[in-house]
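S.K.: Sharing a structure with you now.
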Amino acid sequence: MAQTKNSKKPNIAEKKVKQELEEKMTQIHKGEVEKEAKQKAQGMGVPYINLKGFAISPEALKLVPKEIAQKSKAVCFLYSGPEIRLAATDPLNAEVKELLFQLEERYHAHGEIYFITEQSFEHAFKLYDALPVPRKIIKGVEITEADLARFQEKIKSFKDLRAEINRVSTTEIVALMIAVGLKMQASDIHVEAEEKDIKVRLRIDGLLQDAAKIDQARWKQLISRIKLVAGLKINITSKPQDGRFTIFIKDEEIDVRVSTIPTAYGESVVMRLLSKRAIKLEFDDLGVRGNAFEKLNTEVQRPNGMIVTTGPTGSGKTTTLYAILKKLNKPGIKIITLEDPIEYRLEGINQSQIDHTKDYTFAKGLRSILRQDPDIIMVGEIRDLETADIAIQAALTGHLVISTIHTNRAAGAIPRFLAMGAKGFLLAPALNAVMGQRLVRRICKKCKTEAKIDAKTLERVKEVLKNIPEKSQTKVNLDKLKFYKGEGCDSCNGLGHKGRIGVYEIFTMDKDMEKVILGKEISEYKIQELAQTQGMLTMAQDGLLKALDGMTTVEEVFRVTE
C-alpha cells in the first residue's frame, strides 16, 4: 500500500507542472495576440482596446441596438454625455463610421472608434443578454369586427348617429365615434365642450360637418375616457396636451393622434385618424391633365433636379409626393424620405421621421440621408435656409429631390426660396418643376345632376376660361358651358359630395424662367405671367375644366382657388 501511495505523488506533481506550463503558454499567446492587435490598430491609425474586464455600462451598450451591433461588429463601450466611444473589429468600415456619426449627431457628443479583436467583440456582445428587455405596452381601443359591424350597420347617416350616441355607454361612445369616422372616411373627429352640450363634428373631404350632440352632463366621463386611452393626464385641464392611441381592426391599424386645449366650457379635443395601410393613389389618378401632365411626367423621369409642390396645409401636397414616389419606385432605385410625420407606409422605400426632441431636424436628417447613397430623396417640407441649401446642392449633384413649400400658388415658390436666403444662381439650374395645388370635393356619382348657375357666376366663369393660354392646347366653347352638382343621397350623407380630387397649376424651368430668377427685379406676378405664356393653366382654370367634366362644382372651385 505504501508503494502505491508513493507512486501517485509524482503524478500529482507532473499535473501541477503541466498546468503551470499551459497557463504560461496561454499568457504568452495572449500577449502575442494583444501585441498583434495593437500593431494592427497602429497600422490602421486607430486606438486599440481589450474589452475583457472593461466595465461597459448598460447605458452605453444600449446606444447601439443588438441587431446593428451584430451586423456591423461594433459596440458602444463608453458614454459619458459629452464623449462616446465605439469599438469595432473593422473600424475603417463605412457603416461603422456612419454609425458613429449618427450617434454624435443624436447625442451631441464627440466620438472615437477603437479597434477590437473578434474575441473581444464576442465578450462584449454577450453583455446584451444581461440587458433588461423592455416590455411592449400597447395603448389602444380594440374595436372588434363585431363592434364595428354593429355600429356601421346601425349608423347610416348623421341622424342615426345623433340617436345612438346618447344611448351607448361612455366607453362605447369613443368606439362609436371612431367607427363612424372610419365609415364616413373622416380625417378628423372634433369633440368640443360648449355651454349647453358637447358638439361632435367630423372633417369629411376637408370640411367640418356637424355630426351629433352629447348631453353636457357626460362631459367629465367622456373627456376622462379619451384621455385615458390616449395616455394623457386626466387631472390637467388648464394646459394643452398631446397623445395617441391605436385602433386595431382586421388587417389594419389606425393611429389616432389626440390633441386637447382648454376652452371656456371645458376642453376641445381633436382626434386625427391616420391609416397605416399603404396609400393606393397612383400618379395617373392625381387629376393632372393634358399638357401639364406631359410636362410633369417628363420632369419626374429626370435623374436629378428638384420638383416642388406648394399650397396651404391640407391641400394634398404629401399625397402628391407619395404618388410620384410610387411611380418612381422601381428595382435598382434607392428612395429615402424624411417626413414629419410619416403618414402612410410605402413598400420598398426607406422612410425616416424627424424628431425635434432629439434634435433630428429636416436639415440634419437630409445631411445623413445624402450619406446613404440615395437616387431619389423626398423632404416633407422645406422650412429654412439650411434645408433649402442642402436640398438644392443635392439636386445639383445627381439626386432627384421632391419636396413641399408653403406658398399660396406655384409662382410664389421661387420668391419664397430667395426670401429664405437661397442663391438664385444655384436655384435656377436645380429646379425642374413647381406645382401649386388645392383639393376640391368630387360630386357624388350616385346623385349627380345638371346644375343651373346664375348669370353673375357664369360671367365670372367665362372671364377665367377665356384667358386659357393657347400653348396649353386646351379648347373651350364658351357658348356651350354645362355644369353639375350632387343632389344629396344616402351614399354621400346628403352632402352631394364624396371624395376629393386635386386642381393644379404647373410650370417647368426654361431659359426665360432662369433669366427672371437671376434678374434683379423678381416678383411673384412676373413669374405667374411668364408661366402662363409657357402654357400653364391656373388652378381656377384647371378646376373649372374639371367642373365642365362633371367632376366637381363651380362653387367648389371658387371656394378653394379664390
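The values are calculated or read from the model by the stated rules, or taken from the named source; none is laboratory data. This is a predicted model, so every value here is computed, not measured. When we count neighbours, we look across all protein chains shown, and the Cβ atoms used for this are built from the backbone with ideal geometry, even at glycine. Heavy atoms of the whole protein, side chains included, go into the accessibility calculation; ligands, DNA and RNA do not. Shrake-Rupley method; radii C 1.70, N 1.55, O 1.52, S 1.80 Å.
S.K.: Determine the share of the range 56-109's accessible area contributed by carbon and sulfur atoms, expressed in whole percent, with a 1.4 angstrom probe.
M.R.: Exposed carbon and sulfur together represent 53 percent of the surface.
S.K.: Using the Cα centre of the range 185-245 as origin and beta-carbon charges of +1 (Lys, Arg) and -1 (Asp, Glu), tell me which of Ile223, Asn235, Val200 is placed farthest towards the positive end of the dipole.
M.R.: Going by the Cα projections, it comes out as Asn235.
S.K.: Filter Lys295/Lys546; Lys183/Lys446; Lys220/Lys317; Lys317/Lys364; Lys327/Lys546 down to the pairs with a C-alpha to C-alpha distance above 28 Å, please.
M.R.: Over 28 Å apart, Cα to Cα: Lys220/Lys317.
S.K.: Going by amide H atoms built from the backbone, whose H comes under 5 Å of the H on Met435, apart from near neighbours?
M.R.: Close amide H contacts, sequence-distant or interchain: Val308, Thr309, Thr310.
S.K.: Right, next: Here are several values of percent of Cα pairs over 39 Å apart: (i) 47; (ii) 27; (iii) 58. Which one was derived from the coordinates shown?
M.R.: Here the calculated entry is (i).
S.K.: Amide H of Arg244: which non-local residues (sequence gap of 5 or more, or other chain) have their own amide H closer than 5 Å, using H built in the peptide plane?
M.R.: Residues meeting the amide H criterion: Val258.
S.K.: Right, something else. In sequence order, what are the phi-derived ³J(HN,Hα) couplings for the range 407-424 according to the Karplus relation 6.51 cos²θ - 1.76 cosθ + 1.60 with θ = phi - 60°, rounded to whole Hz, with x for glycine and proline?
M.R.: With the stated coefficients, the range 407-424 comes to 9, 6, 8, 4, 5, x, 5, 5, x, 5, 4, 5, 5, 5, x, 5, 8, x Hz.
S.K.: Peptides 403-409, 348-354: what's the order by average Cβ count within 10 Å, highest mean first?
M.R.: 403-409, 348-354
S.K.: Mind ordering 89-95, 509-515, 219-225, 323-329 by average Cβ neighbours within 10 Å, highest first?
M.R.: Ranking, from highest mean packing down: 323-329, 219-225, 89-95, 509-515.
S.K.: Continuing with the same structure: Rounded to a whole number, what % of the accessible area of the range 343-489 do carbon and sulfur atoms account for, probe 1.4 Å?
M.R.: 45
S.K.: Based on the mean of other beta carbon atoms within 10 Å per residue, what is the order of 456-465, 313-322, most packed first?
M.R.: Going from most to least packed, we get 313-322, 456-465.
S.K.: Could I ask something else about it? Residue by residue through the range 213-229, which ³J(HN,Hα) values in whole Hz follow from phi under the Karplus form 6.51 cos²θ - 1.76 cosθ + 1.60 (θ = phi - 60°), with glycine and proline marked x?
M.R.: 10, 10, 4, 4, 4, 8, 4, 4, 5, 5, 5, 5, 5, 4, 5, 4, 6
S.K.: Please report the net charge: other residues with Cβ closer than 12 Å to the Cβ of Gln372, K and R +1, D and E -1.
M.R.: Residues near Gln372 contribute -1 overall.
S.K.: Divide by every residue of the chain the summed helix terms, -39500 (n - 2.57) for each DSSP H run of at least 4, and state the resulting mean residue ellipticity at 222 nm, rounded to the nearest 500 deg cm²/dmol.
M.R.: The helix contribution divided over the chain gives -12500 deg cm²/dmol.
S.K.: Taking the Cα centre as origin and putting +1 on Lys and Arg beta-carbons and -1 on Asp and Glu beta-carbons, what dipole magnitude results for the chain, to the nearest 20 debye?
M.R.: Approximately 1140 debye in magnitude.
S.K.: Compute the accessible area per residue over the chain, keeping the other protein chains in place, probe 1.4 Å, unit Å².
M.R.: Heavy-atom SASA per residue in the chain reads 53 Å².
S.K.: Another one. Could you pull the accessible area for Tyr79 with a 1.4 Å probe, rounded to 10 Å²?
M.R.: Ignoring ligands and nucleic acids, Tyr79 comes out at about 80 Å².
S.K.: Which whole-Hz couplings ³J(HN,Hα) result when phi for each residue of the range 501-514 is put into the Karplus expression 6.51 cos²θ - 1.76 cosθ + 1.60, θ = phi - 60°, listed in order with x for Gly and Pro?
M.R.: Karplus-based 3J(HN,Hα) across the range 501-514 equals 9, x, 10, 10, 9, 9, 10, 10, 7, 9, 4, 5, 5, 4 Hz.
S.K.: Quick check: pseudo-label points 7 Å beyond the Cα along Cα→Cβ at Glu192 and Glu95, how many nm apart are they?
M.R.: A separation of 5.3 nm, rounded to one decimal place.
S.K.: Please list the non-local residues whose amide H lies under 5 Å from the amide H of Val64, H modeled 1.01 Å from N, same-chain partners needing a gap of 5 or more.
M.R.: So Val64 has HN proximity to Cys76.
S.K.: Shifting gears a bit: For Ile506, what charge total do you get from the other residues with a beta carbon under 12 Å from its beta carbon, if Lys and Arg give +1 and Asp and Glu give -1?
M.R.: With Lys, Arg at +1 and Asp, Glu at -1, the neighbours total -1.
S.K.: How many percent of the accessible area of the range 225-273 is carbon or sulfur, using a 1.4 Å probe?
M.R.: C and S fraction of accessible area: 51 percent.
S.K.: What number comes out for the charge environment of Ile349, summing +1 per Lys or Arg and -1 per Asp or Glu over other residues with Cβ under 14 Å away?
M.R.: Net of charged neighbours comes to +1.
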